[in-house]
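Coordinate-derived values only; no laboratory data. None of these values were measured; they are calculated from a predicted model. Reconstructed Cβ throughout: ideal geometry from the backbone, glycine too, with neighbour counts over all protein chains shown.
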Amino acid sequence: MIYTIAILLSLVGYFVIGHLAGRRVKGLDDYLVAGRNAPTFFILGTLVASYLSTSAFLGETGFAYQGYPFVMLIFAAVSTSGCLLGALVFGRYLRRSGAKTVPEFFGKRFASRRVQVIAGLTTVIGLGAYLLGVMQGAGIMFAELTGMPYWVGLVLVWATYTGFILYSGSPGVMLTDTIMFVIFSLAAVGGSLYVIQDLGGWSGVVEGLLTQTDKPGIALWHGVIEGPDASFSSPGEALVWGLTLGLVWAAVLAASPWQSSRYLMARNEHVVMRSAMLTAVALGVFYALMMMTGAAINLYDPTLDPERSMVWVALNILPAWLGVVILTGVFAAGLSSCSTFLSIIGFSLSNDILPASLDEKSALRKSRIAVLAAGLIALLLALFQPPAVMAVVWFAATLFASSWGPVALMSIWSQRITATGASWGLAVGFVGNLILSLMVQAEWVSLPVYLHPVLLSTLMALAAIALASALTRVSPSEADYRAFLHEFDARALSSWVSGTRWIALCTMLSGVAIGVFLWQQYAVTLAGYAERFGLSAGAIQGGYLLAVGCGGMLLLAGAVGYRVVRPRPHRAAAAHTVTADTTS
């Protein structure tokens, strides 16, 4: 009963908070991009909340429970670096554009309505699938906790986030995302520390995982590689999977619409870089704790449904008050992702696909109608599509790595990409990934782990961009807009440099701290049990390399951020000024 009350009160609370945020909406800019005045903490909150959905708490933690906690850490170490690197090479330039949506940015950059529409269509289709997955995750959570039917949970979740998005738009999403971020961060830390301490700390968990025989190898860096249920057949295959999917998700974090669009709400580009660095740190801590917790649940019961293992722990192991916190936190993670995805889908429908409105008032009304229509379609699909949370979410998210990734990066750094090249890159990367993924799922083709559909479709997109761009020419409008993006008056933001560099230093120190922690608590502990359990030298060395790699990626990301933040203008700005003076 206590869980039912907590969930229902949280739904009411988020609805009221979102509704109050809507009072600040005075025009289309407020509705779509929160007035472009959001501080670092709010952008941090919405970035983390947008990324960590029920898929992370249920699906990815379930994969760790299944036997692969440290493979997931390898994945996380690579993927979270995409937060900062994406902000540096794409996000801050996106913020300079002043666009209302990311597809609108592509349309401006390539002076092409066609490019904007294609990007908008991929947003609606891809995020529609992603929204379906996280809605189903929230529905499963609701049914598990309250005992009510699954469809009741779906309807209530849908009514809550759709209700406040219709009224408040981005301000409501940003505020509720930040509150949800605080709640599920406390839930993840509190629940993880309780479980790990209850089982004897990190050393006790490692010893227990080495002792149990249900999932041999779960305590090693490569996870379970023996038995009929093993996902990988060798340590090398596990490593390639972690690195490959890590790179894919780094591209997702760098350029996907639900991550990069958050930067459009930032006060300035220093807020973009600060929030991206802090997001990388937050995700690094989350994965280090939650993946170990997922594996540790096996010491209570190794026969659970993986995607429901965290729910089981909250209901059966944690104290009632902590169980309420962690389950409302997991629920909040799903709800925040739902609100983010639906808002982006609705905004893209109204701003990028449908014909332009004559005035701001009608544009605002059209945006709200688009949000409602998209929400209703998502609800109907979620009601009749069987749940498969992690599979749907990972499939939908990777569509953007192959389609948006190459175009986003080349739109900033390539002088040769044309509007035609961008159009074909978006379309080929998206459709190619979609077809290949469905063929693999239907078992029509079998691909080795190093030839993931995302990688093949990314190569297809790059080839399409190169060929189409070679057959067309860059227009003066395209060249001028790219030059504008590289203009930067450093003096206007010089007072922000010191604070941004301090955050970069904190990011580097966080990387060192995580690396030292994993070295001492995991690698050294594993080495201490080497003789007792007959562990190979490769398993021990892998533990040390895991610690160095996980900390080193954050250290490297922070160092790059520190180097990039310079109190001097970009050379392109001076060049543009000279050109302008000559012309006049």
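Global dimensions of segment 131-256 from alpha-carbon coordinates: Rg and Dmax equal 19.9, 55 Å. Simple rule: put +1 on each Lys or Arg Cβ and -1 on each Asp or Glu Cβ in the chain, find the dipole, and look at SER260, THR178, ASN351; the Cα lying farthest toward the positive end is ASN351. Of all aspartates and glutamates in the structure, the ones whose alpha carbon falls short of 13 Å from that of LYS361, not counting any fewer than 8 places away in one chain, are ASP29, ASP30. Remark: the chain carries a charge dipole of roughly 2220 debye about the Cα centre, counting +1 on each Lys and Arg Cβ and -1 on each Asp and Glu Cβ. Only helices enter the 222 nm calculation for the chain: every DSSP H run of n ≥ 4 contributes -39,500 (n - 2.57), and dividing by all residues gives -24500 deg cm²/dmol, rounded to 500. Projecting the Cα atoms of VAL240, VAL124, TRP444 onto the charge dipole of the chain (Cβ charges, centred on the Cα centre) puts VAL124 farthest toward the positive pole. Based on the Stokes-Einstein relation at 20 °C and a viscosity of 1.002 mPa s, and on the Kirkwood radius from alpha carbon pairs, segment 183-223 is assigned a translational diffusion coefficient of 191 µm²/s. The charge dipole of segment 254-347, taken about its Cα centre with unit charges on the Cβ of Lys, Arg, Asp and Glu (plus for the first two, minus for the last two), comes to roughly 340 debye. For segment 406-448, the residues whose amide N sits under 16 Å from a probe point set 7 Å from the Cα of LEU471 along the beta carbon direction are 417-429. In terms of its C-alpha gyration tensor, segment 49-129 has a prolate overall shape, because the principal axis ratio a/c (a ≥ b ≥ c, square roots of the eigenvalues) is not below 1.5 and a/b outweighs b/c. Segment 507-526 and segment 128-151 have their alpha-carbon centroids 36 Å apart.
Packing-based ranking of 451-464, 216-229, 519-532 yields 451-464, 216-229, 519-532, ordered from highest to lowest mean Cβ neighbour count within 10 Å. With no solvent and one point on each alpha carbon, what is the Debye value of log10 I(q)/I(0) for the chain at q = 0.10, 0.11 Å⁻¹? Debye output, listed in q order: -0.83, -1.01. Note on segment 1-58: semi-axes of the ellipsoid equivalent to its C-alpha gyration tensor, largest first and rounded to whole Å, are 26, 18, 9.
As a ratio to 2.2 N^0.38 Å, the alpha-carbon radius of gyration computed for segment 207-324 takes the value 1.36. Given their separation in residues at 0.36 nm each and the Cα-Cα distance between them, ALA559 and ALA111 gain 157.7 nm when the chain is fully extended.
So what is the orientation-averaged projected area of segment 459-521, using the convex hull of its C-alpha atoms, in nm²?
On the way: hull surface 34.2 nm².
Hull-based average projected area comes out at 8.5 nm².
Full extension of the chain segment joining PHE484 with LEU193 gains 99.9 nm, where the gain is 0.36 nm per residue of separation less the Cα-Cα distance. Within the shell of other residues whose beta carbon sits under 13 angstrom from the beta carbon of ALA111, the net charge comes to +3, with Lys and Arg scored +1 and Asp and Glu -1. For segment 390-508, the Kirkwood radius over C-alpha pairs fed into Stokes-Einstein at 25 °C and 0.890 mPa s yields D = 147 µm² per second. What Kirkwood Rh does segment 67-113 have if only Cα atoms enter the pairwise 1/r average? Answer in Å. So the Kirkwood estimate lands at 12.7 Å.
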